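Trainee: Okay, here's the structure, questions in a sec.
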Amino acid sequence: MSEAKEVRLGVLKLGAIGTAVILEYLMDERADRKDLITRVVTSGAKMGPEQAEEVTPKLLEFNPHVVVVASPNAALPGPSKAREIIAQCKVPTIIITDAPGAKAEEDCQAKGMTLIVVAGDSMIGAKREFLDPAEMTLFNANVLTVLAASGALNMVFKEIDCALAAAKSGGTYTPSVVKIKAKKAAAAGMFSNPYAKSKAEAAYRIAESVAAVTVEGCFKTKEMEKYIPIVATGHEMMQEAAKLALEARELEKGGDTLVRMPHGKQGEILGKTKLLEKPEVK
């Protein structure tokens with residue numbers, strides 16, 4: 001294969017969702033892609049319009065061929081301001097957000113941007129009496145376990161790869177709306193064992209339902225003695241979802257049917273199923 005030209009991927013992180021933690025590494029998991037240069041700019045935990053106005057131009061100075069923006073609730077003023085700034089550059093853009101971010105669909109379509117809604121990337125139990133750095137880290141680790149083992153992240157990295165491939169070839173990337181629900185995530189996981197697929201879907205469904213619990217605890221309940229157990233419940237649910245997701249993966253490993261999809265050095269997606277075989281272009 002002849003060496004492809006390099007493409008520049010710009011990743012903008014506004015605030016915190018689980019997917020954002022690992023996002024840039026999904027595209028170059030072995031750090032050996034010859035076709036890709038990535039830059040990441042983040043506003044940290046805060047994600048207001050003022051942060052978006054400060055960090056978005058810094059990302060655009062990189063002159064990316066493709067931009068990916070990850071944030072909670074993409075309809076909020078901060079992410080909306082970032083889209084407004086990016087839209088002026090007419091660069092292919094993918095917005096990744098959680099379930100409340102689905103409200104940004106109309107704006108994304110109007111601006112010609114792809115919207116990926118990761119429904120299982122649920123809100124954390126953000127109450128000071130409950131959430132400390134360790135609890136925050138463990139929750140996000142469990143979120144990522146569910147998203148990775150269920151197949152949801154396969155949908156994320158493949159969509160970004162489509163935009164990168166179009167940029168490399170000089171072709172056109174067609175924006176879309178991708179709503180990652182349980183059935184779609186499990187299908188993307190390519191499970192051969194029906195029990196494994198059921199466990200993956202169950203894990204994702206539980207992860208999706210966590211948001212309703214943590215929203216109740218964070219915004220709808222005023223008494224401390226009531227909201228602390230509620231947000232704790234949400235975190236216990238995500239922990240159990242992670243266990244189920246890993247069980248699904250273990251079932252596939254037991255039958256030597258676990259699908260692996262590494263990137264090749266020129267960004268091509270390879271595939272293999274048997275542990276003791278080399279990945280090939282599928």
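Trainee: State all residues of segment 1-41 that are more than 25 Å from ILE180 (Cβ to Cβ) and among the hydroxyl-bearing types (Ser, Thr, Tyr); if no residue qualifies, say none.
Mentor: Listed by number, the list holds a single entry, SER2.
Trainee: Checking the conditions here, which among ALA163, ALA126, ALA134 is closer than 19 Å to ILE96 by Cα and either in contact with a Lys or Arg (Cβ under 8 Å, 6 or more places away or on another chain) or not hydroxyl-bearing (Ser, Thr, Tyr) (or both)? So that I can check it myself, show each step before the final result.
Mentor: Numbers: ALA126 fails: closer than 19 Å to ILE96 by Cα; ALA134 fails: closer than 19 Å to ILE96 by Cα.
Exactly one of ALA163, ALA126, ALA134 is closer than 19 Å to ILE96 by Cα and either in contact with a Lys or Arg (Cβ under 8 Å, 6 or more places away or on another chain) or not hydroxyl-bearing (Ser, Thr, Tyr) (or both), namely ALA163.
Trainee: For segment 70-102, what are the residues that are among the hydrophobic types (A, V, I, L, M, F, W, C), farther than 23 Å from SER122 by Cβ and surrounded by fewer than 23 Cβ atoms within 10 Å (Cβ to Cβ)?
Mentor: The answer is ILE85, ALA87, CYS89, VAL91.
Trainee: What pairs come up if the first residue lies in segment 255-278 and is assigned by TED's automatic domain parsing to the domain that holds LEU164, the second is among the aromatic types (Phe, Trp, Tyr) and surrounded by fewer than 16 Cβ atoms within 10 Å (Cβ to Cβ), and their beta carbons are under 9 Å apart, counting only those six or more places apart or on different chains?
Mentor: The qualifying pairs do not exist here.
Trainee: Given the residues ALA245, ALA232, ALA200, ALA166, which is the only one that is over 19 Å from the mean Cα position of the chain (by Cα), surrounded by 15 or more Cβ atoms within 10 Å (Cβ to Cβ) and in the same structural domain as ASN140 (by TED's automatic domain parsing)?
Mentor: Matching residue, one of ALA245, ALA232, ALA200, ALA166: ALA232.
Trainee: Six or more apart or on different chains, Cβ atoms under 7 Å: show the pairs whose first residue is in segment 215-227 and β-branched (Val, Ile, Thr) and whose second is surrounded by 11 or more Cβ atoms within 10 Å (Cβ to Cβ).
Mentor: VAL215/MET123; THR221/TYR227; THR221/ILE230
Trainee: Among the residues of segment 132-162 satisfying the criterion of being hydroxyl-bearing (Ser, Thr, Tyr) and under 13 Å from the mean Cα position of the chain (by Cα), which is surrounded by the fewest Cβ atoms within 10 Å (Cβ to Cβ)?
Mentor: In the first step, residues of segment 132-162 are kept if they are hydroxyl-bearing (Ser, Thr, Tyr); the result is 137, 145, 150.
Narrowing further to those that are under 13 Å from the mean Cα position of the chain (by Cα): 145, 150.
On the way: THR145: 22, SER150: 33.
Filtering first and then ranking leaves THR145.
Trainee: Kindly evaluate ALA102 against the criterion of being farther than 22 Å from GLY217 by Cα, assigned by TED's automatic domain parsing to the domain that holds VAL40 and small (Gly, Ala, Ser).
Mentor: So ALA102 fails the test.
Trainee: OK, next. Checking the conditions here, which among GLU129, GLU106 is farther than 24 Å from PRO77 by Cβ, more than 19 Å from the chain's Cα centre (by Cα) and surrounded by fewer than 19 Cβ atoms within 10 Å (Cβ to Cβ)?
Mentor: Criteria check complete, one pass: GLU129.
Trainee: Restricting to segment 85-103, count the residues that are within 19 Å of the chain's Cα centre (by Cα), within 20 Å of GLY171 (Cα to Cα) and not in a strand (DSSP E or B).
Mentor: So the count comes out to 1.
Trainee: For segment 1-49, what are the residues that are touching a helix residue (DSSP H, G or I) at 6+ places or on another chain (Cβ under 8 Å) and in a helix (DSSP H, G or I)?
Mentor: GLY18, THR19, VAL21, ILE22, LEU23, LEU26, PRO49
Trainee: Considering only residues that are exposed (fewer than 15 other Cβ atoms within 10 Å of the Cβ) and aliphatic (A, V, I, L, M), which ones fall in segment 38-69?
Mentor: Within segment 38-69, just ALA45 meets the criteria.
The values are calculated or read from the model by the stated rules, or taken from the named source; none is laboratory data. It should be emphasised that the depicted structure is a prediction, and the values quoted were computed from it without experimental measurement. Backbone-built Cβ (ideal geometry, glycine too); neighbour counts: all protein chains shown.
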